[in-house]
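*Asks:* The structure that follows is given in the form of structure tokens.
The values are calculated or read from the model by the stated rules, or taken from the named source; none is laboratory data. All of these numbers come straight from a predicted model, not from anything done at the bench. Here the Cβ positions follow ideal geometry from the backbone for every residue, glycine too, while neighbour counts run over all protein chains shown.
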Amino acid sequence: MAIEVRIEAYEGPMDLLLALIDKNKVNIFDIPIAMITEQYMEYVNAMEKEDLNSVSEFLVMAATLLDIKARMLLPKEVNEEGEEIDPRAELVEKLLEYKMYKYMAYELKDRQVDAERALYKKPTVPEEVLEYAPPLDLEELISDVTLKKLNAVFAEVMKRQENKVDKVRSKFGKIEKEEVNLLEKIEFVKQYAFEHHSFSFRDLLLTGKTKMQVVVTFLAVLELMKTSFIHVDQDGTFGEIMITSLTA
């Protein structure tokens, strides 16, 4: 007994084939070509013939179905590996590809509908809230930086300064006491922070040409940390100690 097929408007021959497969509840990988072809032809015969472009697409698919049906009545074809070739394989592949794009189109349409329900409102935050800056907590600011870590970098830079000195020639000549002003060094570090904004503690200490300048630079950094002019942190236990200007 033939299954009654209700005539509907389909977007194309692939759409009609998928509808017939769903209505008959058959496996898309094992399509009963004879039954599907018969129902397909019933739909084509009932179509309005005014739109030749649309009708021609359905007729091409009808010819493809008839060709597959005829090939299935013939002896099985075998490929080079000795496997049987299913005449329906190419059609099944195209149906799966069409089904995938069809579902993707449904998904995009749903997203478009959901997007139309979304409204945008410009922020209306009071200026007082926008201009608010939370107070700086000095203990939290330098919580991950200890004097031990700063001293380790300081000791390393001092060692580099000693290696630069010629142990023989440095003893020649007259040794004079070098006067280094802490306030001037603080201003120097401020200017350095303003120009570089973010830099390593090691690079800053290397700007000192003598031990005394390195020591005073170290003291200037501690002073500026206390006054929250700079922020010092370290990424990891042995990471580089970085200094960031809080006023730039």
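*Asks:* Run down Asp51, Asp114, Asp86 and say which single residue is among the acidic types (Asp, Glu), exposed (fewer than 10 other Cβ atoms within 10 Å of the Cβ) and at pLDDT below 85.
*Replies:* From the options Asp51, Asp114, Asp86, the qualifying one is Asp114.
*Asks:* While we're looking at this one, here's another question. Could you figure out which of (1) touching a residue at least 60 places away in the same chain (Cβ under 8 Å); (2) exposed (fewer than 13 other Cβ atoms within 10 Å of the Cβ) isn't true of Glu97?
*Replies:* (1)
*Asks:* While we're on this one: Evaluate the stretch 213-229: report whether one residue or more is farther than 19 Å from Lys148 by Cβ, free of Cβ contacts under 8 Å to residues at least 40 places away in the same chain and outside any helix (DSSP H, G or I).
*Replies:* Scanning the stretch 213-229, I find at least one residue that is farther than 19 Å from Lys148 by Cβ, free of Cβ contacts under 8 Å to residues at least 40 places away in the same chain and outside any helix (DSSP H, G or I), so the answer is yes.
*Asks:* Name the residues in the stretch 147-177 that are at pLDDT 65 or above and of a type in the set (Val, Ile, Thr), would you?
*Replies:* Val153, Val157, Val165
*Asks:* Can I ask one more? What is the one condition in (1) at pLDDT below 80; (2) assigned to a helix (DSSP H, G or I) that Gly208 does not satisfy?
*Replies:* (2)
*Asks:* What residue, among those in the stretch 202-239 that are polar (S, T, N, Q) and within 12 Å of Tyr192 (Cα to Cα), is surrounded by the fewest Cβ atoms within 10 Å (Cβ to Cβ)?
*Replies:* Residue satisfying both the conditions and the ranking: Thr207.
*Asks:* With the structure loaded, tell me whether Gln234 is closer than 17 Å to Lys148 by Cβ, in contact with a helix residue (DSSP H, G or I) (Cβ under 8 Å, 6 or more places away or on another chain), among the polar types (S, T, N, Q) and modelled with pLDDT under 85 or whether it fails that test.
*Replies:* Yes; evaluated as a whole, the condition is true for this residue.
*Asks:* Might you let me know whether the stretch 74-97 holds any residue that is over 18 Å from Ile21 (Cβ atoms) and part of a helix (DSSP H, G or I)?
*Replies:* No: zero hits.
*Asks:* Under 7 Å between Cβ atoms, at least 6 apart or on separate chains: pull out the pairs that start in the stretch 78-90 with a residue that is under 19 Å from Ala63 (Cβ atoms) and end on any residue that is outside any loop (DSSP other than H, G, I, E, B).
*Replies:* Matching pairs, first to second residue: Pro87/Ile68; Pro87/Arg71; Pro87/Met72; Arg88/Ile33; Arg88/Ile68.
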